Amino acid sequence: DIDEIFDVIGSMGYECVEVTPANAWELPYAAAARPTVLLIPNLRRLDYRTQQAVREFVHSGGRVFATGQSSLKTPDEQLSGTFGFGLADVFGVEFAGWLGVTPLHDAIAQMTSVEAIWADVPNPLILEHEDRQGVIVRARPGAQVLGVWSDSEGLITHPSAVGPAVVLNGRSIYVASDMLSWHTLQNVSARTFLANSIVYLLSK
């Protein structure tokens, strides 16, 4: 997945470097130096220090594009925070559940007027990956729901309270699917959505 992420981001014309827990403390300095987007690719386990580095990165002007179960657990598999995600305050969502059921997570229907993010992306965005698993979340106060879970025909599959699939929270976009997996990034529409999201975040 990391190799594919680097290839895709590089093809967009952006520099991409890997962040590890050992060098996460450098994140705020990167944000202060130039517009920077941190990609968090479904990292289920994030330690407390790395979470704090991400918060400081955002406080310093950094942007975040996070996916799936990112920060849901600590490295020893404990629940990470009061709201499920250790970075719930950054993502703008609370954990409500997990489902790997099709057609409940076949696609994401657009639910926002933020046209820049959905430009040239078909509605719904069909997730052409093997697992079709998704995180069930609630949007936190102040966050904006950009897309909701649907089937491939665009029929909404979850009650509105637990339907968010894409959430904008300040300078953070959270996607409740593993949008940065190798399989998903083979989907041209998913790649377009990712590119749009990065451009949008860099403009904020």
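The values are calculated or read from the model by the stated rules, or taken from the named source; none is laboratory data. Model, not experiment: these values are computed from the prediction. Cβ placement follows ideal geometry from the backbone for every residue including glycine, while neighbour counts extend to all protein chains displayed. Surface accessibility is based on the protein's heavy atoms, side chains included, excluding ligands, DNA and RNA. Shrake-Rupley method; radii C 1.70, N 1.55, O 1.52, S 1.80 Å.
Tabulated values for the structure
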item: Total residues in segment 70-89, condition in a helix (DSSP H, G or I) and open to solvent by 10 Å² or more (accessible area, probe 1.4 Å); result: 1
item: Check on Arg34, open to solvent by 10 Å² or more (accessible area, probe 1.4 Å), of a type outside the set (Gly, Ala, Ser) and touching a residue at least 24 places away in the same chain (Cβ under 8 Å); result: no
item: Any chance Gly13 is on the phi > 0 side of the Ramachandran plot and open to solvent by less than 30 Å² (accessible area, probe 1.4 Å); result: no
item: Scope segment 48-87; condition at pLDDT below 95 and either closer than 15 Å to Val17 by Cα or among the acidic types (Asp, Glu) (or both); matching residues; result: Asp76, Glu77
item: Residue list for segment 45-69, restricted to those being open to solvent by less than 70 Å² (accessible area, probe 1.4 Å) and either out of contact with any helix residue (DSSP H, G or I) (no Cβ under 9 Å at 6 or more places or on another chain) or not hydrophobic (A, V, I, L, M, F, W, C) (or both); result: Asp47, Thr50, Gln51, Gln52, Arg55, Ser60, Gly61, Gly62, Arg63, Thr67, Gly68, Gln69
item: Conditions (1) in contact with a Gly (Cβ under 8 Å, 6 or more places away or on another chain); (2) open to solvent by less than 30 Å² (accessible area, probe 1.4 Å); (3) closer than 12 Å to Ile108 by Cβ; (4) not polar (S, T, N, Q); number of the one not met by Arg132; result: (2)
item: Whichever residue in segment 145-192 is open to solvent by 20 Å² or more (accessible area, probe 1.4 Å), of a type in the set (A, V, I, L, M, F, W, C) and assigned to a loop (DSSP other than H, G, I, E, B) and, among such residues, is nearest to Ala31 (Cα to Cα); result: Trp182
item: Checklist (1) free of Cβ contacts under 8 Å to residues at least 24 places away in the same chain; (2) among the hydrophobic types (A, V, I, L, M, F, W, C); (3) in contact with a helix residue (DSSP H, G or I) (Cβ under 7 Å, 6 or more places away or on another chain) applied to Leu79, failing item; result: (3)
item: Residue ID - surrounded by the most Cβ atoms within 10 Å (Cβ to Cβ), chosen from residues in segment 98-129 that are of a type in the set (Gly, Ala, Ser) and touching a Ser or Thr at 6+ places or on another chain (Cβ under 9 Å); result: Ala107
